[in-house]
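Encoded as structure tokens, the structure appears first; notes follow it.
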Amino acid sequence: MSDQVGTITWISGPVVRARGSKFVGMLELVEVGDERLVGEVIGLKGDQMTVQVYEETSGMQTGAPVYGTGLPLSVELGPGLIQSIYDGVQRPLPLIEEAMGSFINRGARFDSISREKKWKYIPKVKIGDAVQGGSVLGVAMETDTFEHRVMLNPDDSGVITWVASAGDYTVTDPIAKLRMGKEEKTITMMQRWPVRRPRPFKNRRGANIPLITGQRILDTFFPVAKGGAAGIPGPFGSGKTVTQHSIAKWADAEVIVYIGCGERGNEMTEVLQEFPHLVDPRSGRPLMERTVLIANTSNMPVAAREASIYTGITIAEYYRDMGYHVALMADSTSRWAEALREVSGRLEEMPAEEGYPAYLAGRLAEFYERAGYVDNLNGTQGSVSVVGAVSPPGGDFSEPVTQHTKRFIRCFWALDKSLASARHFPAINWLDSYSEYLEDVGAWWLEKTGKDWLTMRNRAMELLSEEARLSQIVKLVGPDALPYTERMVLETSRLIREGLLQQNATDSVDAYSSVEKQIRLLELALYFHERGMAIVKRGAPIHLIHDLPVVDMFIRAKSSITNEEMHKFDELKKQIDQQMGQLDAEYRS
Amino acid sequence: MSQITVQGGQEVVGVARIEGPILVVEGAANVSYDEVVEIQDARGQLRRGRVLEVGQGFAVVQVFAGSTGLSIDGTRVRFLGGTLRIPVAEEMLGRIFDGLGSPIDGGPEPLTDVYRDVNGQPINPTARIYPRDYIQTGISTIDGVNTLLRGQKLPLFSGAGMPHDQLAAQIVRQSTLGKVAGAPPTEGEEFAIVFAAMGVKNDVAEYFRKSFTESGALTRVTMFLNLADDPPVERVVTPRAALTLAEYLAYDLDKHVLVVLTDMTNYGEALRQISNVRGEVPSRKGYPGYLYSDLASLYERTGRIRTSKGSITQIPILTMPNDDMTHPMPDLTGYITEGQIVLGRELYYAGIYPPVTVLPSLSRLMKDGIGKNRTRDDHPRWGAQLYAAYARTQDVRALASVIGEEELSDVDQKYLKFGRAFEREFVNQAFTENRTIERTLEIGWNLLSMLPKKELTRVTLDEIAQYYKGDDAAN
């Protein structure tokens, strides 16, 4: 299937040049050297082609052959993706381990999706049906509960001439035949799609349903909408990965695509070992049964790291096309940008800022624009939400990757080293972060909880920014110099910070906060403020409020009240009423 | 200079260009990328090098020992046809080698037929075992609040003149496999130690050698030494040679291996030097754009795999230029390693040893190696509480420096006292003091008992009932 199209003339790390055919296409997949390592054509000039190789090139010689495939770099899509763990170019890591042992050798070639495994398939079309690209031809059960909708390749359309009966099939067995013009085409459950080409949809819809993550600082304060894009920048040790893991665990998406892009091996192992044992709070099934993992760790070949982002988002779009809500985590997009920089440097391209190529911003935009809440070709609705971690050097947000990312996302979760040092987790700085989805998702909260979330949220933010201003004064003159009303703001802010914003990802109760619990906590914090303010205005000294037992009870509520015990918040409110009521009575006269 | 272990290969007489440690050789056919070469100068002296780039009819070669004395016509370059390999054997424990893996202790070449590529291969993430077993180092600031696990990479971030060498030596001397608090002491399983020195002073290497001798560990230590006056280019190979041996000991022989790499800053400089000579596009501070990937190819050679009982734990040491943690070396290291232990000058000047600045220090894997059935149930929350309280102390200190200690509230005064005691009693310990995990937890609770119960919101009420020793009424 592949003919020699060139001969290697130059090698430097992952970049190889070869001379030969002028019919090799840009971004064509090629096989390099006698070991047939996978590569992609990234430049053409006369009869010279430049290839980035997805595997280690040590030991490769000039004069070795390059073979063409005629195809762009593509992924295989079909049942069997879920619960898989792939490298950056969709090679299944468990099979590599089986064949080669604990270390990744070169030249491993495996099918991305098992050709042997049979899936229970039920057709949804009949002979004579006219079908379009994206039409659902049938369904296969990918796990016990997950329905994989087998769709026609978006580029195809025609009339069904034959349909397989319900039964067990592999991904290469024919399940239907289609007449396209004069040709008849056999359809299987598997299709290929070039990773750098976004999968088509009918049109974009507004993003106004929040992606609920169970993380209070995200859902309550800086929500991202389904189909939205968010960035998490932060210096090392500030908790990017823990936050990404928490979202992957608890987000109310039906499919999670997690891309470990140039990060630690142990972190991917953690996900692999933990997810099968964690239970999805909504479906009651193991979390792994909705997860696709792409692991191209920092010591794996750098060009494959560049590809991993595209591999992941193409898989995400595929499930979106079925009508599912998909959340994609990319940890970390900075490592992907560095891979771009490394390849660009080897090509001796003119660098823009900090050695990054001038097309960095364009590539970032292309990636984030593949997020969206859309009407699919088959009439269903689905979404891809993207959460990209950014690792700015030295924690300096003015560097190019963070700055360009900010242009293409609408939700910015700024991690803060000093919060992390004080073990305030998630260390998301509430003053530097923002979400542009606030107005969009307000209606959803009102409908879901019957409460005016947006007003309460804004009131809490107001208190927090007031606190920031006041603590500047406190730093200069001490808290005693402030009037009691301002110190009341400090008290309530502490309640919000410790009782709401702080969340312990390792605590079984606190790790996931239901929407109901979040709004109750928010409401109570503001209620506490309102009552407290009334009391201090009558002249009660602030330490009486500070010393109320209910303060401690509130701060512990996040881990002492489970998501099923909402009635306990009524009790907590009673406590506030009782204890504040006493003070109120004392100072009323 | 050592003997070359690979024979044969094509030879080219004369080179086209010499720039620093880089040679451009013309007229060689079928050269492989990353191939090892042997270079002979006009007087017949041999040195080794490696191919960095190949093109049609030319190859760019990096000479490990530098190009001093090489001439255009008088140099012979022989391409040896394979990548750089070193012999590995159990008997290398107790021996000393140069930065390329040749013996310099007067002993013979290791007798083995096992040769391994120094570049190693990436571990498949599915083949790893996630680290869960802690190492008791006997140092409170590590065991208590930045617990080290077997299979973790945890660097020491330090600065010139601070006692990072002593701390590393103490860790190496005292480390045993951790056990549950209260469990009877058992004969600790001992670690094999692989020590790689890159561009450090002879005194430093000597200090470690002496320290290993005194603690009786020398027979289970292998040292790879590239000292300050050795060729800088060789430094790029030294940690790779050390890790290649460590992988053999851990994954082939099932040993628990502790790897100490010092000083990674010198390693980075060697890398920068080569990059600059080659005219590569620099990123930050002149370091090459692939510094992150290059460092990852070292640090990621840590961990445990399912097919072996052994483990590799890495303790790289970095001296931060100008104590700047945002410098590319500590910065990129921190992004790859699983936490960091930061030494601070302020504590050092205050006479506290080890001067571990607790707040910026971190062990990412700690959460998985402590708690019930590992150390003690209260450990995670106890640690978070100590951190939070000490962080508060910093704020109070800042305030006190403005308004004076007398003006502080009662609670703040207590935090101030807590902070001082924390540094003197918890952080500070003798170079020879080996604390058990019970002792570390006890000291922590004693300190927390200086604060009112109401302030302790990170620990549970039950834990307060069980371990709190203070007189809350007086507080």
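The values are calculated or read from the model by the stated rules, or taken from the named source; none is laboratory data. Predicted, not measured: the structure shown is a model, and the values here were computed from it. Positions of Cβ are backbone-derived with ideal geometry, glycine not excepted, and every protein chain shown enters the neighbour counts. We work out accessible area using only protein heavy atoms, side chains counted, and drop any ligands, DNA or RNA first. Shrake-Rupley method; radii C 1.70, N 1.55, O 1.52, S 1.80 Å.
Per-residue answers, yes or no, for (1) touching a strand residue (DSSP E or B) at 6+ places or on another chain (Cβ under 8 Å); (2) in contact (Cβ under 8 Å) with a residue 12 or more places away in the chain:
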position: B:Leu347; (1), (2): yes, yes
position: B:Pro354; (1), (2): yes, yes
position: B:Val358; (1), (2): no, yes
position: B:Ser361; (1), (2): yes, yes
position: B:Arg364; (1), (2): yes, yes
position: B:Asp368; (1), (2): yes, yes
position: B:Gly371; (1), (2): no, no
position: B:Arg374; (1), (2): yes, yes
position: B:Asp378; (1), (2): no, yes
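Only residues that are at pLDDT 90 or above and either open to solvent by 30 Å² or more (accessible area, probe 1.4 Å) or part of a helix (DSSP H, G or I) (or both) were counted in the stretch A:342-366, giving 9.
Counting the residues of the stretch B:84-110 that are of a type in the set (Val, Ile, Thr), farther than 20 Å from B:Arg209 by Cα and in a strand (DSSP E or B) gives 1.
Taken together, A:Val150, A:Val125, A:Val171, A:Val159 contain a single residue that is of a type in the set (A, V, I, L, M), part of a strand (DSSP E or B) and more than 27 Å from the chain's Cα centre (by Cα), which is A:Val159. Counting only residues that are within 21 Å of the chain's Cα centre (by Cα) and open to solvent by 10 Å² or more (accessible area, probe 1.4 Å), the stretch A:422-431 holds 4 of them.
Scan the stretch B:412-465 residue by residue and report those that are within 14 Å of chain A (Cβ to nearest Cβ), more than 34 Å from the chain's Cα centre (by Cα) and over 15 Å from B:Ala391 (Cβ atoms). Correct list: B:Gln413, B:Pro452, B:Lys453, B:Lys454, B:Thr460, B:Leu461, B:Asp462, B:Glu463, B:Ile464. In the stretch B:345-364, the residue that is nearest to the other protein chains (Cβ to nearest Cβ) out of those that are assigned to a loop (DSSP other than H, G, I, E, B) and open to solvent by 10 Å² or more (accessible area, probe 1.4 Å) is B:Leu359. Only residues that are within 14 Å of chain B (Cβ to nearest Cβ), open to solvent by 30 Å² or more (accessible area, probe 1.4 Å) and either of a type in the set (A, V, I, L, M) or without any contact (Cβ under 8 Å) to a residue 12 or more places away in the chain (or both): list them for the stretch A:102-127, please. Of everything in the stretch A:102-127, those that are within 14 Å of chain B (Cβ to nearest Cβ), open to solvent by 30 Å² or more (accessible area, probe 1.4 Å) and either of a type in the set (A, V, I, L, M) or without any contact (Cβ under 8 Å) to a residue 12 or more places away in the chain (or both) turn out to be A:Phe103, A:Asn105. Checked against (1) open to solvent by less than 10 Å² (accessible area, probe 1.4 Å); (2) modelled with pLDDT of 95 or more, B:Gly334 meets all criteria but (2). Against the list (1) crowded, with 23+ Cβ neighbours inside 10 Å; (2) more than 14 Å from chain B (Cβ to nearest Cβ), the condition A:Glu263 fails is (2).
If the condition is being open to solvent by 50 Å² or more (accessible area, probe 1.4 Å) and in a loop (DSSP other than H, G, I, E, B), then the stretch A:452-486 contributes A:Asp452, A:Pro483. In this entry, A:Leu419 is excluded by the filter for residues that are away from chain B (no Cβ under 14 Å) and either part of a helix (DSSP H, G or I) or farther than 30 Å from B:Thr393 by Cα (or both). If the condition is being among the β-branched types (Val, Ile, Thr), over 22 Å from B:Val118 (Cβ atoms) and within 14 Å of another protein chain (Cβ to nearest Cβ), then the stretch B:13-27 contributes only B:Val24.
The requirement of being within 14 Å of another protein chain (Cβ to nearest Cβ), in a strand (DSSP E or B), open to solvent by less than 20 Å² (accessible area, probe 1.4 Å) and polar (S, T, N, Q) is fulfilled somewhere in the stretch A:4-15, by at least one residue. Return a yes/no flag: does the stretch A:128-145 have any residue that is within 29 Å of A:Ile309 (Cβ to Cβ), within 14 Å of chain B (Cβ to nearest Cβ), in a strand (DSSP E or B) and of a type outside the set (Asp, Glu). Checked the stretch A:128-145: no residue is within 29 Å of A:Ile309 (Cβ to Cβ), within 14 Å of chain B (Cβ to nearest Cβ), in a strand (DSSP E or B) and of a type outside the set (Asp, Glu). When you scan the stretch A:18-30, do you find a residue that is buried (at least 23 other Cβ atoms within 10 Å of the Cβ) and either under 23 Å from B:Ala28 (Cα atoms) or more than 13 Å from chain B (Cβ to nearest Cβ) (or both), even just one? Looking for residues that are buried (at least 23 other Cβ atoms within 10 Å of the Cβ) and either under 23 Å from B:Ala28 (Cα atoms) or more than 13 Å from chain B (Cβ to nearest Cβ) (or both), one finds at least one in the stretch A:18-30, hence yes. Scanning the stretch B:28-61 for residues that are at the interface with chain A (Cβ under 10 Å from one of its Cβ atoms) and acidic (Asp, Glu) gives B:Asp34, B:Glu35, B:Glu53. Restricting the stretch A:521-568 to residues that are acidic (Asp, Glu) and open to solvent by 50 Å² or more (accessible area, probe 1.4 Å), the residue that is nearest to the other protein chains (Cβ to nearest Cβ) is A:Asp547. For the stretch B:298-330, a tally of residues being part of a loop (DSSP other than H, G, I, E, B), open to solvent by less than 40 Å² (accessible area, probe 1.4 Å) and at the interface with chain A (Cβ under 9 Å from one of its Cβ atoms) returns 5.
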